[in-house]
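K.L.:
Below is one structure. I have some questions about it.
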Amino acid sequence: MTALLWLRRDLRLHDLPALLAAHESDGDVLPAFVADPTLLASAGPVRRAHLAAALGALDASYDGALVVRVGRPETEVPALVREIGAASVHVSRESTPYGRRRDRRVERALGDVPLVATGTPYAVGPGLVRKADGAPFQVFTPFSRVWREHGWPSPAPVPARLAWHRTVESAPLPWDEDPATAVVPTGEAAARARWEEFLEDDLADYDRNRDRPDLDATSQMSVHLKNGTIHPRTMLADIAAHPAGRSEGARRFVAELCWREFYADVLWHRPDSAWDDLRDDLRGMAYEDPAGAAAAPVRAWQEGRTGYPFVDAGMRQLLTEGWMHNRVRMVVASFLVKDLHVWWPHGARYFLEHLRDGDIASNNHGWQWVAGTGTDAAPYFRVFNPVTQGERYDPEGVYVRRYVPELAHIPGVAVHQPWRVPDGLDHGYPERIVDHASERAEALGRYEAARATRPAGVRRSASTS
């Protein structure tokens, strides 16, 4: 019997439970990817190039059997089922709001053909880690403790017999980006190579170096996790078996994987939090209109021309590489929300458009953590100082000079305050668009006013996706 393996965020051969389930029918399997226009609409050229590269690598590892179709999944998946006479459709269970709605539509369109969900893109499936009373967690630390206690299965083996179905033609991808333009090598073999390099060179010291964007000390596995060219369960098994697996660096790295799983779990229980404040405390917060008076400052933020070098280096890295160091992500997010007073979904949407690792759960809840409307109970009054953050985490100015060539002439830590250097702004770098101290005071004033009023009413919403 033929089975259809519908791939989404699981573009790999190894450790793929859905592939095992598809082969249990003792027939052949057609692996397929549907280029969904709804999802592609939010993906910029860098993410599309990485996706194309990952699909090309997957096709090679599947011996050329991968089929690509373009269109709405509720139309394309049933059409493929009819074309090959599939008895079942196999997927990794989806957890995002859009993915869950999409799968329900596909399931209805399939009629009597079952949609079989096996495994997820996470070590522990969203919704499985709960408090003793069955309620979901909204705070990371207790979630992480129960997540570790819950544990996860060993990586799934590759089926002993791979029998691919080969009677169906593939469609070209619906975009022009060349896979060769992907900024980092992409695909399962590339993910494995990068992961092994990180294990050997950087895992043991990860806790000490992870906040330093001037160093190549992070795993940069986020794009591979995004496309599913490696599974976090594989990574956790490798850490446990590695000599450095008991180091503080390994413990800290596992915690970062857990943050990814925590945000996916929060989104599972609260799908409205994809584009709305998780907590209602600041529903009455006054924000600037990014299409109105704040348009010019927001454009300067997007282009990396705020006059704050650490912020601008991060935004330029985003535009050139489709990636940004996590410490810098927090600083640039704080600048948009706290210095320019713009509601976080506007920044989250811009990030998703440009990030090669754009993941709605991690991205949007990370933005809310900075904005003080998400899972962190402390928080709106945490305002990142773009100067002191740069001086602390880029102490020699290496990161700034790498992405802001107008400041290449300023040595050392002085690059973070070029306005204090006699010729600091002589090479085209802009003046500061705002005074951070004044805008911090303004942000805290708005915060106090919002907490005092706490109005009821209709939620703001940036999207229904």
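K.L.:
Can you tell me which residue is nearest to Arg270 (Cα to Cα) among those in segment 363-391 that are modelled with pLDDT of 95 or more and open to solvent by 40 Å² or more (accessible area, probe 1.4 Å)?
P.N.:
Here the answer is Asn385.
K.L.:
Restricting to segment 442-460, what's the tally of residues that are open to solvent by 60 Å² or more (accessible area, probe 1.4 Å), more than 30 Å from the chain's Cα centre (by Cα) and at pLDDT below 95?
P.N.:
Matching residues across segment 442-460 total 6.
K.L.:
Of all the residues that make up segment 291-318, how many are modelled with pLDDT under 95 and either in contact with a helix residue (DSSP H, G or I) (Cβ under 8 Å, 6 or more places away or on another chain) or open to solvent by 30 Å² or more (accessible area, probe 1.4 Å) (or both)? Reasoning before the result, please.
P.N.:
To start, the set of residues in segment 291-318 that are modelled with pLDDT under 95 comprises 291-294.
Within this subset, residues satisfying the condition of being either in contact with a helix residue (DSSP H, G or I) (Cβ under 8 Å, 6 or more places away or on another chain) or open to solvent by 30 Å² or more (accessible area, probe 1.4 Å) (or both) are 291-293.
Residues that pass the stated criteria total 3.
K.L.:
Exactly one of these conditions fails for Leu11: (1) open to solvent by 10 Å² or more (accessible area, probe 1.4 Å); (2) within 18 Å of Gly187 (Cβ to Cβ); (3) part of a loop (DSSP other than H, G, I, E, B). Give me its number.
P.N.:
Answer for Leu11: the failing condition is (1).
Conditions tested, residue by residue: (1) within 23 Å of Arg210 (Cα to Cα); (2) in the same structural domain as Asp376 (by the TED database); (3) of a type in the set (Gly, Ala, Ser); (4) in a helix (DSSP H, G or I).
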residue: Met235; (1), (2), (3), (4): yes, no, no, yes
residue: Ala244; (1), (2), (3), (4): yes, no, yes, yes
residue: Ala250; (1), (2), (3), (4): yes, no, yes, yes
residue: Phe253; (1), (2), (3), (4): yes, no, no, yes
residue: Trp259; (1), (2), (3), (4): yes, no, no, yes
residue: Asp265; (1), (2), (3), (4): no, no, no, yes
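K.L.:
Right, something else. From the list Glu439, Glu431, exactly one residue is open to solvent by 60 Å² or more (accessible area, probe 1.4 Å), closer than 15 Å to Val311 by Cβ and at pLDDT 95 or above. Which is it? I'd like the intermediate steps shown before the answer.
P.N.:
Numbers: Glu439 fails: open to solvent by 60 Å² or more (accessible area, probe 1.4 Å).
Result: Glu431 is the single residue among Glu439, Glu431 that is open to solvent by 60 Å² or more (accessible area, probe 1.4 Å), closer than 15 Å to Val311 by Cβ and at pLDDT 95 or above.
K.L.:
Do the conditions hold for Leu128, that is, is it at pLDDT below 95 and either assigned to a helix (DSSP H, G or I) or among the aliphatic types (A, V, I, L, M) (or both)?
P.N.:
Values: at pLDDT below 95: no; either assigned to a helix (DSSP H, G or I) or among the aliphatic types (A, V, I, L, M) (or both): yes.
Judged against the criteria, Leu128 is not a match.
K.L.:
Taking the conditions exactly as written (over 28 Å from Thr181 (Cα atoms) and open to solvent by less than 40 Å² (accessible area, probe 1.4 Å)), does Leu80 satisfy them or not?
P.N.:
Yes.
K.L.:
Which one of these does Thr167 not meet: (1) free of Cβ contacts under 8 Å to residues at least 60 places away in the same chain; (2) in a loop (DSSP other than H, G, I, E, B)?
P.N.:
Every condition holds for Thr167 apart from (1).
K.L.:
Residues being within 15 Å of His325 (Cβ to Cβ) and part of a helix (DSSP H, G or I): count how many of those fall in segment 196-207.
P.N.:
2
K.L.:
Taking segment 187-200 as the search range and keeping residues that are closer than 20 Å to Leu257 by Cβ and of a type outside the set (A, V, I, L, M), which one is surrounded by the most Cβ atoms within 10 Å (Cβ to Cβ)?
P.N.:
The extreme case among them is Glu188.
K.L.:
From Leu282, Leu203, which residue is open to solvent by less than 10 Å² (accessible area, probe 1.4 Å) and in contact (Cβ under 8 Å) with a residue 60 or more places away in the chain?
P.N.:
Numbers: Leu203 fails: in contact (Cβ under 8 Å) with a residue 60 or more places away in the chain.
From the options Leu282, Leu203, the qualifying one is Leu282.
K.L.:
Ok, one more. Being surrounded by 17 or more Cβ atoms within 10 Å (Cβ to Cβ) and under 28 Å from the mean Cα position of the chain (by Cα) narrows it down to one of Ala65, Ala86, Ala57, so name that one.
P.N.:
Every option except Ala57 fails the conditions.
K.L.:
Scanning for something surrounded by 12 or more Cβ atoms within 10 Å (Cβ to Cβ), part of a helix (DSSP H, G or I) and in contact with a Gly (Cβ under 6 Å, 6 or more places away or on another chain), does segment 99-114 turn up at least one residue?
P.N.:
No - not one qualifying residue is present in segment 99-114.
K.L.:
Of the residues that sit in segment 260-318 and are among the polar types (S, T, N, Q) and within 23 Å of the chain's Cα centre (by Cα), which one is nearest to Pro345 (Cα to Cα)?
P.N.:
Across segment 260-318, the extreme among qualifying residues is Ser273.
The values are calculated or read from the model by the stated rules, or taken from the named source; none is laboratory data. Everything numeric here is computed off the predicted structure, so don't read it as measured data. When we count neighbours, we look across all protein chains shown, and the Cβ atoms used for this are built from the backbone with ideal geometry, even at glycine. What goes into the accessible areas is simple: the full protein's heavy atoms, side chains included, and nothing from ligands, DNA or RNA. Shrake-Rupley method; radii C 1.70, N 1.55, O 1.52, S 1.80 Å.
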